[in-house]
Amino acid sequence: MRVLPRSAFGKTVFLIGFLLLINQLVSYFLVAVYVIQPFLQQTNHLIAKQIKVVFIDVGYDDMVLSEQLTKRFQQATGIEVYNETQAQQHGLQQAIFYQSFSDDMSRELGGTAEVRIEQSQSFVFWVRPPQAPQYWVRIPLSGLNDTDFKPLQIYILLIGFLSVAGGWWFARQLNRPLQGLQQAALKVGRGDIPEPLPEAGSSEIIAVTRAFNHMAKGIKQLEKDRALLMAGVSHDLRTPLTRIRLASEMMSEPDSWIRDGIANDIDDMNAIIDQFINYIRHHKEEVLTDEDINVLVSEQISAERLQQREVVTELAHHLPLVPLRRIALKRVLTNLIENAFKYSEGSIVVSTGYEKGSQRVYVQVRDHGPGIPETQMAQMFEPFTQGDTARGSSGSGLGLAIIKKIVDMHQGEITLHNHAFGGLVATVYLPLKQRGKAVI
């Protein structure tokens, strides 16, 4: 499982959050070393001085405190001295032993001392001094419980939130032009040249956007020139073909076999010209509509030109509607079925289905011909590729290229594979989502 983000946006936010965490840890360390530790050492030092004052007149031999002395000292300083039993009654049981404070206090008092801290309504230090181990000195620190750390906590949380929010906003603004470039590049890949993108963002992104706009403009002009060239060639070719057909019609009856051959050749040339025109046509002017793929398949199969051959249909029930260009997809179905007829002597099978996991509807056309070698599968969608000689080599080689171009325009996928019992299977997958539009 990948933990680190892959996008530039996620990486930027992650980097800012990581740097903020390091900053907070360093800040806590510096505060602990240069503020809290000196403060605690100073507190320990002052408490040790006060304890020395309590036992200033007490020797190690007698180790007895007069009740009058302790009472007067308590009234003056608030420091109380108890024996073990009294200390247990006044809160020693709730106090927690601290080894570090005990070590510091031992160094201050010149002997083994024990320090415990009680935290009830206020902080209370309990110290067993080496001068009088049978006594406990109770020292209240009323100032500590008045310390309010809430502003510091709020400040840290606020700084963290503002840092992450600022990083998120910065990364979003930085990546917005990149997202526009991505969407525009996808459109170019589908043959749909977008309008020039606005040049915004950092200087590097502006340079990339300007280069992309220049590239898109060049591709658009190239498409126009190609379409114009193809239209001119087709027009110039059809004119002499028409004259040849008229001339052949005036041939005498004994030469009818020549006339029929010329007519067939002219029909083949017109079909090839039509395929060239279909290849350069993107059908971008056609609007996407939600269609039932079963209806389109039924219409194509019932067409008059297909009644001469047997077509077996295996249509799935209750298929979801698919956003598609109706005329363009009919051309896909027509080319697939005609190719299957062309390379198969028997019947063909047309089936439909739905892949729930990938949210795609598919159309499958299978023939019973010789199939295609696996090594040539990837080349079959290239223009002017006519396949293996086992399947014949007539035509322009644009049929599958036209199909793939239309399928790519629908953000779909087309695959070829040989059937286990012979024949070629062509499958067209169409997604239920087109450019953010979902069809359920």
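So the values come out like this:
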| quantity | calculated |
| --- | --- |
| Any hit, the stretch 326-340, residues being more than 22 Å from residue 433 (Cβ to Cβ), assigned to a loop (DSSP other than H, G, I, E, B) and in contact with a helix residue (DSSP H, G or I) (Cβ under 6 Å, 6 or more places away or on another chain) | no |
| Filter result (farther than 30 Å from residue 37 by Cβ, loosely packed, with under 12 Cβ neighbours inside 10 Å and either of a type in the set (A, V, I, L, M) or at pLDDT 85 or above (or both)) within the stretch 50-84 | 64, 76 |
| Filtered residue count, the stretch 224-270, keeping only those that are aliphatic (A, V, I, L, M) and loosely packed, with under 12 Cβ neighbours inside 10 Å | 5 |
| Number of the condition not met by residue 203 [criteria: (1) at pLDDT below 75; (2) surrounded by fewer than 11 Cβ atoms within 10 Å (Cβ to Cβ)] | (1) |
| Cross-chain or 6+ apart pairs with Cβ under 6 Å, the stretch 392-410 first and more than 21 Å from residue 369 (Cα to Cα) and at pLDDT 80 or above, then part of a loop (DSSP other than H, G, I, E, B) and among the polar types (S, T, N, Q) | none |
| Pairs with Cβ under 6 Å, 6+ apart, first in the stretch 98-115 and in a helix (DSSP H, G or I), second of a type in the set (Asp, Glu) | 102/114 |
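The values are calculated or read from the model by the stated rules, or taken from the named source; none is laboratory data. Source: prediction; values computed, not measured. In this analysis, Cβ positions are derived from the backbone assuming ideal geometry, glycine residues included, and neighbour counts consider all displayed protein chains.
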